[in-house]
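For reference, the structure is listed below as structure tokens.
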Amino acid sequence: MSVSTDHTPSLLEGSAPKRLAAFSAPLVAANLLQYVYQFVDMGVVGNVVGETGLVAVSNASTIVFIISSIAIGLMSGCTVAVGNRVGARDEQGQRRTFAASLGVALLGTAAITLAGTTLAHPIFSLMGVPGTSLAQTVAYLEVVSLGSVGLFLLNAACAFLRAQGDSVGPLAIMAFSAAANVFLDFILIVGFGLGVVGAAIATVSAQGAGAVFALWLARRRYPSARDLFRFVRDAQERAEVLTSARDVLRVGVPMAVQQAVINLSYVFVTAWLNSYGPTIAAASGVGLKISTIAGLPCWGIGQAVSASVSQSIGAEMPKRAVAFARSGLLVSIVVTAGIQIAVQFGAEWLVSLFGESGKDLTEAAVLYLRITCSVNGIFYASMYALDSFALASGAPKLALANSLIDALVMRAGLAWLLSVPLGCGFIGIYAAQAAAPVLPAIIGFAYLRLWSKRNLPE
């Protein structure tokens, strides 16, 4: 086995809290940039096209967010599998696993393209998207599905970089992709008047360009990202790549399902909110977009936890793995609490960024933020950090079970109970979303405590 010649600071040396904080900061920024294009899409469309376009992008974004989450979840298997081999200083294993991850990414692309293009109209019809916005909503999803190869390859390359302990590379990639998306939004939506379809084209084009940049950067920085195609030429090496693919899928599939289930629950929630009329539908879409972006730092910190814990376990350092989990938990809670406070103070201004809105729409969107971006953020932050530890420590099924509790029992089940039998209406749906992460966070705490008892010396 040979050791990579890059100069990325080792996650296995120095203070675990300091390394986690330094490693996660660029990942937090990268996650915010990865989703800024959706914020820009809604803002530009809301100002140029108006309420019908805003409703279209709002509804389409719920499905697009599922697609993005599936890609991120599936490629988390790459982070954990490559991270284990980085910790074990197995460069050949890293190369083999990255090749397998790219193959998994292409299979994911094929599945999303087929599903998105064939099911777009039925999905949005079932969601009750208003007729004036239905055609635009369908077109947005079709374009994103056809161009999903950029999304999957982009996330595969960034997952590989994170596994190496490199968080600056993903940040540079996302900055490039976000800048391209904003530029193309103004060119296609404002300049060429393509409206909602222009927003979708801008998104997939920026992701494709980002994927090319990401793959080039990984190959330039790390020897284990080079000469990947030689595995195709030798039967024995092909078999080893297939074994690595199973390692990637063992973690990636439960995480992809987890992300899909959680975000599918948002689709059901959006469908229920559509039944309250276009004003509540648009307001809730704006509120959901803001609250989602406010929660994105949890994803970045969770990715840092997964990469650092997987390296620690690969290097047989369980005490350091627990130190990373606890540090990630603390950082996630502190960062999220700060963001939630900022959202509470700036709620009306944030809503105004999505275009001129009537008083009723603004008040409903602000109410959404008052309920869903409050003290529940502490549980949301805890859930993601602890699920990321479970993922990297060999319990991806626990993270999946937590997602089922979050999505089906709390977000969907409680929303139905509060909104229908108890008669709380759309406010009950908002309250259920706020309560959703509480029980999963408690389960995550229990798992971390149990794992520590089993794996740390007395």
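Here are the numbers for the structure shown:
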item: Out of Ala111, Ala139, Ala175, sole residue that is open to solvent by 20 Å² or more (accessible area, probe 1.4 Å) and without any contact (Cβ under 8 Å) to a residue 40 or more places away in the chain; result: Ala111
item: Lone unmet requirement of (1) among the small types (Gly, Ala, Ser); (2) open to solvent by less than 10 Å² (accessible area, probe 1.4 Å); (3) under 30 Å from Val86 (Cα atoms) for Ala315; result: (2)
item: Where Ala412 falls short, out of the listed (1) under 21 Å from Arg320 (Cβ atoms); (2) part of a helix (DSSP H, G or I); (3) in contact (Cβ under 8 Å) with a residue 12 or more places away in the chain; result: (1)
item: Any hit, the stretch 26-41, residues being at pLDDT 90 or above, surrounded by fewer than 24 Cβ atoms within 10 Å (Cβ to Cβ) and part of a helix (DSSP H, G or I); result: yes
item: Condition check for Ala180: under 30 Å from Thr52 (Cα atoms) and open to solvent by 50 Å² or more (accessible area, probe 1.4 Å); result: no
item: Subset of the stretch 241-277 [open to solvent by 60 Å² or more (accessible area, probe 1.4 Å) and not β-branched (Val, Ile, Thr)]; result: Leu242, Arg246, Leu249, Arg250, Leu264, Phe268, Trp272, Ser275, Tyr276
item: Test: Val182 is modelled with pLDDT of 90 or more, farther than 30 Å from Asp247 by Cβ and in a helix (DSSP H, G or I); result: no
item: Sole residue being of a type in the set (A, V, I, L, M) and touching a Lys or Arg at 6+ places or on another chain (Cβ under 9 Å), chosen from Ala159, Ala163, Ala178; result: Ala163
item: Yes/no for Gly208 being of a type in the set (Gly, Ala, Ser), under 20 Å from Ala71 (Cα atoms), modelled with pLDDT of 90 or more and open to solvent by 10 Å² or more (accessible area, probe 1.4 Å); result: yes
item: Which listed residue is without any contact (Cβ under 8 Å) to a residue 60 or more places away in the chain and open to solvent by less than 10 Å² (accessible area, probe 1.4 Å), from Gly165, Gly191, Gly169; result: Gly169
item: Test: residue in the stretch 124-147 that is of a type in the set (A, V, I, L, M, F, W, C) and closer than 30 Å to Phe23 by Cα; result: no
item: Criterion (under 23 Å from Pro223 (Cβ atoms), surrounded by fewer than 24 Cβ atoms within 10 Å (Cβ to Cβ), of a type in the set (Gly, Ala, Ser) and at pLDDT below 90) met by exactly one of Ala120, Ala88; result: Ala88
item: Out of Ala342, Ala347, sole residue that is over 21 Å from Val438 (Cα atoms), crowded, with 19+ Cβ neighbours inside 10 Å and touching a helix residue (DSSP H, G or I) at 6+ places or on another chain (Cβ under 9 Å); result: Ala347
item: All positions within the stretch 381-434 that are crowded, with 24+ Cβ neighbours inside 10 Å and of a type in the set (Phe, Trp, Tyr); result: Tyr384, Phe389, Tyr430
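Results for (1) modelled with pLDDT of 90 or more; (2) of a type in the set (Val, Ile, Thr), shown as yes or no for each residue.
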| position | (1), (2) |
| --- | --- |
| Pro297 | no, no |
| Val305 | yes, yes |
| Ile333 | yes, yes |
| Gln344 | yes, no |
| Leu353 | no, no |
| Phe379 | yes, no |
| Asn402 | no, no |
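The values are calculated or read from the model by the stated rules, or taken from the named source; none is laboratory data. In this text, all values refer to a predicted model and were calculated from it rather than measured experimentally. Every residue, glycine among them, receives a Cβ derived from its backbone with ideal geometry; neighbour counts consider all protein chains shown. Calculation scope for accessible area: heavy atoms of the full protein, side chains included, ligands and nucleic acids excluded. Shrake-Rupley method; radii C 1.70, N 1.55, O 1.52, S 1.80 Å.
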